[in-house]
Amino acid sequence: MQTFGQQLINGLSLGSIYALLALGYTMVYGIIKLINFAHGDIYMLGAFWGYYVINGLHFNFILTLLSAMIFCAIIGVLIEYFAYRPLRNSPRITALITAIGVSFLLENGMTYLFSANARSFPQVLPTITYHVLGLRISNIQLIILGTACLLMILLELVIKQTKMGKAMRAVAVDPQAAQLVGINLNHTISFTFALGSAMAGAAGVLIGLYYNSIDPLMGMTPGIKAFVAAVIGGIGSVPGASLGGFLTGLLETGVQAIGLSAYKDAVVYFVLIVILLVLPAGIFGKKLKEKV
Amino acid sequence: MTSPLLNAQQLVKNFGGLTAVANVSVHFNQNELVGLIGPNDAGKTTLFNLLTGETPVTSGAITLSTDQGVQSLTGKRPTAIAQAGLSRTFQNIRLFKTLSVLDNVRIAMTNHYHDGFFSSIFRTPKYYQTEAAMTTAAQELLAFFNLTDVANQPAKNLPYGTQRRLEIVRALATKPKILFLDEPAAGMNPEETADLTRLIRQIQHDFHITVVLIEHDMSLVMSVVERLYVLNHGALLAEGTPSEIQQNPAVIKAYLGGEPSC
Amino acid sequence: MKANLKYNLAWLALMVAVFVLIDACEFFGIINSFIENMLVTIGINIILATGLNLIIGFSGQFSLGHAGFMAIGAYATGIITQNIATPLGFYLSMVVGIAIAMVAALIVGIPTLRLHGDYLAIATMGAAEIIRILINNFKITNGAAGLFNIPPLVTWATVYVLMCLTTIMTVNFIHSRRGRAVMAVREDEIAAEAMGINTTRWKLVAFVFGAGTAAIGGSLHAAYIQTIAPGDFNIMASIAILIIVVLGGVGSITGTFVAAIVLGALDTILQNFGTLRMIIYSLALILIMIFKPAGLLGNWEFSFKRLSQSRKKATVHD
């Protein structure tokens, strides 16, 4: 029971990182049907931004988090503007390859500028470990979980309550019709990239705090896992991405806890395939059948 | 009279709470030309989809009676139903767009020719024989429908009326026993419609098959079919010869809206 | 029949000519081991990408798991040739690899090929990762360390001949009754079913065929490079093959050849740029996609038949 509780906490912390990343994938996919392969690398950029502003400018946690979110939002918008916008009417597989190209560019560009070595993330907050009911919970874990949940609620409010959020949902359903009712497609897509990338930036700072170590290739694997999480939850669905993220995190720590850590990714992928076979559009995804 | 070629008994289709087809029984005889009419949303296309397996029935039974015996088609996949001898066209044309006209027809013949896997990937004489036989058969069919000139064009480049014609040719290439045509005259000009009328008669006559068509063009339907089914709100309203239907008060009320018959 | 023979002979002549050319260059020392390595890599990439193009470009199924099947071929060769270090052992290992890869493709394909588009991509990616993780944990595959000292049973000539063979088989497949059925599935599944085409079956045929050729590529890779590790067959490896397919033009085998050669050459040239190499590579990738969204060749295909026909037409016009 105790290990179960412990794994639950570890899983939720990891899961909230995946969830934050998955949100970016799901929003971008929902709106332009693109698997934004570079999303994991934006998360890496967020972590590096955190590293430099904490070390160089002695920012505190809140300021680091906010500035990383703004920085990543700008990067996301720029990437969309330069790399994806020219391809909006091209075959989707072309845009996918471009996204992979952007991912390679960010990874290798960062390696070129800052070397491939891992560096330790400055501890902007002192780690305090609480012992509750025999469980070890660190303040970092609580902050990760709290920040992630807060951001997800904020995101949900933005999407549901604001004008821009309504525009996003309209474009996701039918871009042409949305334009006909006066929605600016370019602004809406830029806004979506900004929101998604800001989430990734926050996740980057949080993971830096959690794992203490960052490097230019750190976005690759979590990026793919977060995409898997988004698909599990039902790509295009915001609550789905959160659920998928937590599920993936819990699954991974669970498998690790029963001593199968070598197979943890295999189990995640296996569950992904099984879920897709039962629910071909993920847990919260809408299945569209072609009309004859 | 012998038993009908295709017999559908008490077909029901519910989409959620909506009943699209309610307890409809229809039958089609050998070499018969039957029309299926009804106002918009009467369930005509849904009935086609049920008969060709595109949409699974909620309840009911479909049987095909041929020389080889009686065969149930209920619950079968479209592929199996097509192989059993039911072929169709689509309301919103579904050609293999980027492939050539010839390939569109040859694809429909896939199941009628057999060359071994190794013979085709190593191009043994058997491969060339099969290809030649398929191509000849397809070209004969295209010639019959005046499509020889466009045989090597991608299907998407054809004019609208020609695309509809190609869809019929493709359906015929599967060697069907019954051909279902879903609004073949939709979007055609009067001249093309007149050609189509001739074509449908010719198909029934030359290919000795049953033709069932959904059509809104009343002059086409009334002039070409032998028997009609009228659907309204998913239920069968009437059945009979064109002249019987034209005088049926229920049909006039529900469908023709009391207008004088055309 | 006679005309067909003419075109087939033209292709044969082209293949022999390229072989003789490479052989002559080897003989006169124009090709050093560095260039030879590049040529072999290009050849193996052509085998891999042609198979993936069959799956993506012709059957229209988006697979992101090609490296998984490549891994099966590579490990079959690695394990078997370490025990039977003869050319016969190599070919045996290749056949075993193809067989296992095809069975694996059946197991993966039967459930997942019901999925569409990106869902299929992510499911096949997952399946390939599962294959890789299994290899990473098995004893017989030597875990994460991989296999070393695989006997060098493959020369550039073997790769060249097998590249020609798999391409011929794939192209012949595409231009047959089966290939057309596969393309019908890509064009319109609902219409294909209504024409009696068993879409599930033809998707599976293309997928399994592609997996078989991927295993051939894997076998050649293992025997030529002599060292393999599970990390060589990760998602990035699948993506590298996908890039060749898309860059050349989805649905164009000629394009696959061009893209594999261009990328192979680019990679070799960029070796001199050190760490800047991958930055230039990724920029080139982005720019080609933006300015050539349908790939270098779109779906254009080189054909001796068309060449001779257009020449005939030209003479008639004169």
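The values are calculated or read from the model by the stated rules, or taken from the named source; none is laboratory data. Computed from a predicted model, the values in this text were never measured in an experiment. When we count neighbours, we look across all protein chains shown, and the Cβ atoms used for this are built from the backbone with ideal geometry, even at glycine.
Consider B:LEU102 carefully, then state whether it is surrounded by 20 or more Cβ atoms within 10 Å (Cβ to Cβ), more than 14 Å from B:LEU172 (Cβ to Cβ) and more than 8 Å from chain C (Cβ to nearest Cβ). Yes.
Out of everything in region A:112-143 that is within 14 Å of chain C (Cβ to nearest Cβ) and touching a helix residue (DSSP H, G or I) at 6+ places or on another chain (Cβ under 8 Å), what residue ends up being farthest from A:GLY208 (Cα to Cα)?
The initial filter retains those residues of region A:112-143 that are within 14 Å of chain C (Cβ to nearest Cβ), namely A:112-117.
Now restrict to residues that are touching a helix residue (DSSP H, G or I) at 6+ places or on another chain (Cβ under 8 Å): A:112, A:114.
Details: A:TYR112: 21, A:PHE114: 16 Å.
The qualifying residue farthest from A:GLY208 (Cα to Cα) is A:TYR112.
Tallying residues that are within 14 Å of chain A (Cβ to nearest Cβ) and in contact (Cβ under 8 Å) with a residue 12 or more places away in the chain within region C:264-279 yields 2.
Which residue, of A:GLY245, A:GLY196, A:GLY201, A:GLY208, is away from chain C (no Cβ under 14 Å), buried (at least 24 other Cβ atoms within 10 Å of the Cβ), touching a strand residue (DSSP E or B) at 6+ places or on another chain (Cβ under 6 Å) and assigned to a helix (DSSP H, G or I)?
Working: A:GLY245 fails: touching a strand residue (DSSP E or B) at 6+ places or on another chain (Cβ under 6 Å); A:GLY196 fails: touching a strand residue (DSSP E or B) at 6+ places or on another chain (Cβ under 6 Å); A:GLY201 fails: touching a strand residue (DSSP E or B) at 6+ places or on another chain (Cβ under 6 Å).
Result: A:GLY208 is the single residue among A:GLY245, A:GLY196, A:GLY201, A:GLY208 that is away from chain C (no Cβ under 14 Å), buried (at least 24 other Cβ atoms within 10 Å of the Cβ), touching a strand residue (DSSP E or B) at 6+ places or on another chain (Cβ under 6 Å) and assigned to a helix (DSSP H, G or I).
Conditions tested, residue by residue: (1) under 19 Å from the mean Cα position of the chain (by Cα); (2) within 14 Å of chain C (Cβ to nearest Cβ).
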position: B:ALA132; (1), (2): no, yes
position: B:GLU140; (1), (2): no, no
position: B:THR148; (1), (2): no, no
position: B:ARG165; (1), (2): yes, no
position: B:ASP182; (1), (2): yes, yes
position: B:ALA185; (1), (2): yes, no
position: B:THR193; (1), (2): yes, no
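When B:ARG165 is tested against (1) part of a helix (DSSP H, G or I); (2) surrounded by 18 or more Cβ atoms within 10 Å (Cβ to Cβ); (3) in contact with a Ser or Thr (Cβ under 8 Å, 6 or more places away or on another chain); (4) not aliphatic (A, V, I, L, M), only condition (3) is not met. Exactly one residue out of C:THR158, C:THR254 is more than 15 Å from the chain's Cα centre (by Cα), surrounded by fewer than 24 Cβ atoms within 10 Å (Cβ to Cβ) and closer than 28 Å to C:MET15 by Cα: that is C:THR158.
Restricting attention to region C:91-107, which residues are under 11 Å from C:ALA211 (Cβ atoms) and buried (at least 16 other Cβ atoms within 10 Å of the Cβ)? Let's see the steps before the verdict.
First, pick out the residues of region C:91-107 that are under 11 Å from C:ALA211 (Cβ atoms): C:97-107.
Within region C:91-107, C:GLY97, C:ILE98, C:ILE100, C:ALA101, C:MET102, C:ALA104, C:ALA105 meet the criteria.
In the set (1) at pLDDT 90 or above; (2) under 26 Å from A:VAL205 (Cβ atoms), the condition left unmet by A:ALA95 is number (2). Taking region B:10-26 as the range and being in contact (Cβ under 8 Å) with a residue 12 or more places away in the chain and among the small types (Gly, Ala, Ser) as the test, the residues that pass are B:ALA20, B:ALA22, B:SER25. Closer than 27 Å to C:PHE62 by Cα, assigned to a helix (DSSP H, G or I), out of contact with any Gly (no Cβ under 6 Å at 6 or more places or on another chain) and within 9 Å of chain A (Cβ to nearest Cβ) - does that describe any residue in region C:252-263? Taking every residue of region C:252-263 in turn, none turns out to be closer than 27 Å to C:PHE62 by Cα, assigned to a helix (DSSP H, G or I), out of contact with any Gly (no Cβ under 6 Å at 6 or more places or on another chain) and within 9 Å of chain A (Cβ to nearest Cβ).
Yes/no per residue for (1) under 21 Å from A:SER242 (Cα atoms); (2) in contact with an Asp or Glu (Cβ under 9 Å, 6 or more places away or on another chain); (3) surrounded by 12 or more Cβ atoms within 10 Å (Cβ to Cβ):
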| position | (1), (2), (3) |
| --- | --- |
| A:GLN123 | no, no, yes |
| A:TYR130 | no, no, no |
| A:LYS160 | yes, no, no |
| A:ALA178 | no, no, yes |
| A:THR188 | no, no, yes |
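Once region B:63-88 is narrowed to residues that are among the small types (Gly, Ala, Ser) and touching a residue at least 12 places away in the same chain (Cβ under 8 Å), the residue that is farthest from the other protein chains (Cβ to nearest Cβ) is B:SER65.
So in region B:111-127, with the set limited to residues that are in a loop (DSSP other than H, G, I, E, B) and at the interface with chain C (Cβ under 9 Å from one of its Cβ atoms), which one is surrounded by the fewest Cβ atoms within 10 Å (Cβ to Cβ)? Break it down stepwise before answering.
Initial filter on region B:111-127 (in a loop (DSSP other than H, G, I, E, B)): B:113-116, B:122-124.
Now drop any that are not at the interface with chain C (Cβ under 9 Å from one of its Cβ atoms), which leaves B:113-115, B:122-123.
Details: B:TYR113: 14, B:HIS114: 10, B:ASP115: 20, B:PHE122: 14, B:ARG123: 19.
Step by step, filter region B:111-127, then rank; the result is B:HIS114.
Out of B:ASN111, B:ASN7, B:ASN29, which single residue is closer than 27 Å to B:THR136 by Cβ and in contact (Cβ under 8 Å) with a residue 24 or more places away in the chain? Exactly one residue qualifies, and that residue is B:ASN111.
Considering region A:257-279, and only residues there that are at the interface with chain C (Cβ under 7 Å from one of its Cβ atoms) and within 15 Å of A:VAL228 (Cβ to Cβ), the residue that is surrounded by the fewest Cβ atoms within 10 Å (Cβ to Cβ) turns out to be A:LEU277. For region B:150-162, a tally of residues being away from chain C (no Cβ under 11 Å), part of a helix (DSSP H, G or I) and of a type outside the set (Phe, Trp, Tyr) returns 4.
Residues of region B:183-242 that are at positive phi and acidic (Asp, Glu): B:GLU183 alone. Annotation: of all residues in region A:52-98 being in a helix (DSSP H, G or I) and basic (Lys, Arg), the one that is farthest from A:THR147 (Cα to Cα) is A:ARG92. The combined condition, being in a helix (DSSP H, G or I), β-branched (Val, Ile, Thr), out of contact with any strand residue (DSSP E or B) (no Cβ under 6 Å at 6 or more places or on another chain) and within 14 Å of chain B (Cβ to nearest Cβ), is not fulfilled by C:ILE239.
The set of residues in region B:170-187 being part of a helix (DSSP H, G or I) and buried (at least 22 other Cβ atoms within 10 Å of the Cβ) consists of B:ARG170, B:ALA171, B:ALA173.
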